[in-house]
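The values are calculated or read from the model by the stated rules, or taken from the named source; none is laboratory data. Predicted, not measured: the structure shown is a model, and the values here were computed from it. Quick reminder, even Gly has a Cβ in these numbers, built from the backbone with ideal geometry, and neighbours come from all protein chains shown. Accessible surface is based on the protein model in full, side chains and every heavy atom, while ligands, DNA and RNA are left aside. Shrake-Rupley method; radii C 1.70, N 1.55, O 1.52, S 1.80 Å.
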Amino acid sequence: KMSEVSKVMTKTDIKPKSMHRAKIWSDDVENLYRFQQAGYRDEVEYKQVKQVDKVECWPETGFVKKLQRRDNTFYYYNRQRECEDKDVRKVKIYVY
């Protein structure tokens, strides 16, 4: 399952046109939450910085499984939802 962000695919340096905040939880918001916890805007920026083609995801849920931060430490995530309702509004959704 390709996320919306994957479709924008990583050209050399894509900058978002605008940003809004998530209002309700969804699978995409969950993954954005994970990228932003690790210090990236989203999947596009992660792939640009880390020079990777794909991100490791849980096969059951499609959520991001692990991310490498800029300081090369790893974040590991659970299969289940981690972004709680109180954190949903902190998630930034970038539009390209």
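Take segment 62-96 and flag every residue that is of a type in the set (Ser, Thr, Tyr), part of a loop (DSSP other than H, G, I, E, B) and either in contact (Cβ under 8 Å) with a residue 24 or more places away in the chain or in contact with a Leu (Cβ under 6 Å, 6 or more places away or on another chain) (or both). Let's see the steps before the verdict.
Taking segment 62-96 first, the residues of a type in the set (Ser, Thr, Tyr) are 73, 75-77, 94, 96.
With part of a loop (DSSP other than H, G, I, E, B) added as a condition, the list becomes 73, 77, 96.
Within segment 62-96, TYR77, TYR96 qualify.
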In segment 57-81, how many residues are open to solvent by 50 Å² or more (accessible area, probe 1.4 Å) and closer than 12 Å to ASN31 by Cβ? 4
Selected residue (criterion: nearest to LYS86 (Cα to Cα)) from residues of segment 20-46 that are open to solvent by less than 60 Å² (accessible area, probe 1.4 Å) and β-branched (Val, Ile, Thr): VAL29
Contact list, first residue from segment 37-50 and free of Cβ contacts under 8 Å to residues at least 24 places away in the same chain, second anywhere and surrounded by fewer than 20 Cβ atoms within 10 Å (Cβ to Cβ) and of a type in the set (S, T, N, Q), beta-carbon distance below 8 Å, six or more apart or interchain, is LYS50/GLN68
Among the numbered criteria (1) surrounded by 18 or more Cβ atoms within 10 Å (Cβ to Cβ); (2) touching a helix residue (DSSP H, G or I) at 6+ places or on another chain (Cβ under 6 Å); (3) at pLDDT 95 or above, which single criterion is violated by VAL5? (3)
